[in-house]
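The structure appears right after this line, and notes come after that.
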Amino acid sequence: MQPRPQRAPVRERKKLETRRRVLAEARRLLASQGFFATSIEQIAAAAEVAPATVFNYFPSKDALVAELAGELFETLRAHVDRPLPPERRAQTHLELALADSAPAIREAQTVLGPLLLRVLRRAPVDGAGGGLEALRGALSRLVVEGQRRAELRRDVEASFLAELACATLVAALGHWLRDPRYPLDARMCQAAAVIGDGLRASSTSTQPTIWRDP
């Protein structure tokens, strides 16, 4: 008989539950009231904790919003990080990942609205709760695999190519958030195609191999 998986200590489970509750109430209040009309005190009261407890988890309201937006980047990361089948090209994999992420992106816009745009503008500063960095890492791993298969160019480091790809995706999201009429699904597919064209290995040039694991 296999041993039962060990559960986290009670204290740690309570901390995680408190953190989840704070995030849930923050998401609800920010969506209904907006960023400036929502205070840490209101979030704390709704989550049934002291304001100091909220600050223990999130040092500022911007940090809290960044964490919420980070959930969106985590969704993108999870889709990009799915195993790449041997018969699927890296560019196709990226296109499918972005297409599958579109519903989550639309849902995040419905819940957070203009707050997402605020986070994207601050993304280089706070990293969107670490989610943006995780997305870069997933893109870098995909590029490394594409380079290993000789599908993607190998004269530039994977981490730099992933940075360019991530910037393209963030730009597409930003355009959509500024104008809801922006055709997000089509643009995300186009973004994947543009990224893929820029990363694709040339069939005529001999490129030095400098790829390395991220």
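The values are calculated or read from the model by the stated rules, or taken from the named source; none is laboratory data. Everything numeric in this text was worked out from a predicted model, so none of it was measured. FYI the Cβ positions are ideal-geometry reconstructions off the backbone, even for glycines, and counts take in every protein chain you see.
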Hand me the list of helices (runs of 4 or more DSSP H) wholly inside segment 1-84 holding 2 or more residues that are among the aromatic types (Phe, Trp, Tyr). 51-57
Residue selected from segment 164-185 under the condition hydrophobic (A, V, I, L, M, F, W, C) and over 29 Å from Arg148 (Cα atoms), by the criterion modelled with the highest pLDDT: Leu173
For a quick check of your reading of the model, give me the residue pairs whose first member lies in segment 32-47 and is farther than 16 Å from Pro59 by Cα, whose second is aliphatic (A, V, I, L, M) and part of a helix (DSSP H, G or I), with beta-carbon atoms closer than 6 Å and at least 6 apart or on different chains. Ala47/Val22
So which residues in segment 138-167 are of a type outside the set (A, V, I, L, M), loosely packed, with under 15 Cβ neighbours inside 10 Å and in a helix (DSSP H, G or I), if there are any at all? Phe160, Glu163
Before we move on, is Gly131 modelled with pLDDT of 75 or more and touching a strand residue (DSSP E or B) at 6+ places or on another chain (Cβ under 7 Å)? no
Can you tell me which residue within segment 20-31, out of those that are in contact (Cβ under 8 Å) with a residue 24 or more places away in the chain and of a type in the set (Gly, Ala, Ser), is surrounded by the fewest Cβ atoms within 10 Å (Cβ to Cβ)? Ala31
Say we look at segment 58-80 and pick out the residues that are in contact with a Leu (Cβ under 8 Å, 6 or more places away or on another chain) and modelled with pLDDT of 90 or more; which of these is farthest from Arg153 (Cα to Cα)? Phe58
